[in-house]
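The values are calculated or read from the model by the stated rules, or taken from the named source; none is laboratory data. What you see is a predicted model; the values in this text were computed from it and never measured. Ideal geometry is used to build each Cβ from the backbone, glycine not excepted, and the neighbour counts take in all protein chains shown.
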């Protein structure tokens, strides 16, 4: 990376990007905890109301907030907490437990995408979500990550309704040097999925990423169409799609949680891509999703550049909020 003065500067690390992206959430949480203790050496039970407000303001969620407060209260009763540092440590441990509980035991690769079962065959990933959350952009960034790991990728332009959606995906395909399978605007999305998955299988591609049309989680007919697309993929490659990743905008907070709940019950979401984490103080939605839905956060968007999509790391995220 070249600076304004012509010197090489190191590329920001995963932790650097994550720290920057959660800085607003950290200000709303960690720094609020510090403020609570200004002028006080010891924790007093009366501060719990202020702590509750701080936790809820980051969209940590009611359930996770209640559990954290109960744990803090229990330690207060045993005189096991006496300062801000110990309180932060207790909160951090509880957040980490929640996030680790939703992680898949087999775990994704360094790109956040697991290999196909038995390490062979083409893996099919559906990208779903409502309009405007950044699905197509996330696909382009994900394809970039996979290409960096020397995996072959085919993109599927199954969003045949939104104006310019196919063209947008083609731009990302060109940037990543990968193939995109498409039909004309207005075509049956399931037919495009069939073509793309068949092409991926024929070419022995490592991954086929399917771009789906944005749909409101309350529209049953559109949800039924997603089910049809899933069945079509499974006809070509049994077990497909292997992942259904829901893209959520972190700035929507609890509204995103409602979206995730409906998509999960309807189309079997296996993980979350959380975009715009760098633009919100409500990054606690990461914890709420994990606690209330049991879904792993697979990637977070940390900026506008092609490399600004990083596999989620629970420990790094939690440390970034407090350290």
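Can you pull out the residues in the stretch 156-167 that are over 18 Å from residue 226 (Cβ atoms) and under 21 Å from the mean Cα position of the chain (by Cα)?
none
What is the one condition in (1) closer than 23 Å to residue 300 by Cα; (2) in a helix (DSSP H, G or I); (3) without any contact (Cβ under 8 Å) to a residue 40 or more places away in the chain that residue 169 does not satisfy?
(3)
Inside the stretch 75-88, can you point out the residues that are over 14 Å from residue 51 (Cβ atoms) and in a helix (DSSP H, G or I)?
Keep residues of the stretch 75-88 that are over 14 Å from residue 51 (Cβ atoms), which gives 77-80, 82, 85.
Within the stretch 75-88, 77, 85 meet the criteria.
Based on what the data block shows, is residue 191 over 25 Å from residue 300 (Cα atoms), surrounded by fewer than 19 Cβ atoms within 10 Å (Cβ to Cβ) and in contact with a strand residue (DSSP E or B) (Cβ under 7 Å, 6 or more places away or on another chain)? It would help to see each step written out before you state the result.
On the way: over 25 Å from residue 300 (Cα atoms): yes; surrounded by fewer than 19 Cβ atoms within 10 Å (Cβ to Cβ): yes; in contact with a strand residue (DSSP E or B) (Cβ under 7 Å, 6 or more places away or on another chain): no.
No: the conditions fail for residue 191.
Hey, can you tell me all the residues within the stretch 172-207 that are outside any helix (DSSP H, G or I), free of Cβ contacts under 8 Å to residues at least 60 places away in the same chain and under 24 Å from the mean Cα position of the chain (by Cα)? Break it down stepwise before answering.
First, the residues of the stretch 172-207 that are outside any helix (DSSP H, G or I): 177-188, 203-207.
If we keep only those that are free of Cβ contacts under 8 Å to residues at least 60 places away in the same chain as well, we get 177-188, 203.
Listed by number, the residues that qualify are 178, 180.
Given the criteria surrounded by fewer than 17 Cβ atoms within 10 Å (Cβ to Cβ), at pLDDT below 90 and more than 18 Å from residue 208 (Cα to Cα), does residue 59 qualify? Before you say what the answer is, go through the steps one by one.
Numbers: surrounded by fewer than 17 Cβ atoms within 10 Å (Cβ to Cβ): no; at pLDDT below 90: yes; more than 18 Å from residue 208 (Cα to Cα): yes.
No; evaluated as a whole, the condition is false for this residue.
Failed condition for residue 173, given (1) touching a strand residue (DSSP E or B) at 6+ places or on another chain (Cβ under 6 Å); (2) within 16 Å of residue 126 (Cβ to Cβ); (3) modelled with pLDDT of 95 or more, with all others met?
Tallying (1) touching a strand residue (DSSP E or B) at 6+ places or on another chain (Cβ under 6 Å); (2) within 16 Å of residue 126 (Cβ to Cβ); (3) modelled with pLDDT of 95 or more, residue 173 fails exactly one: (2).
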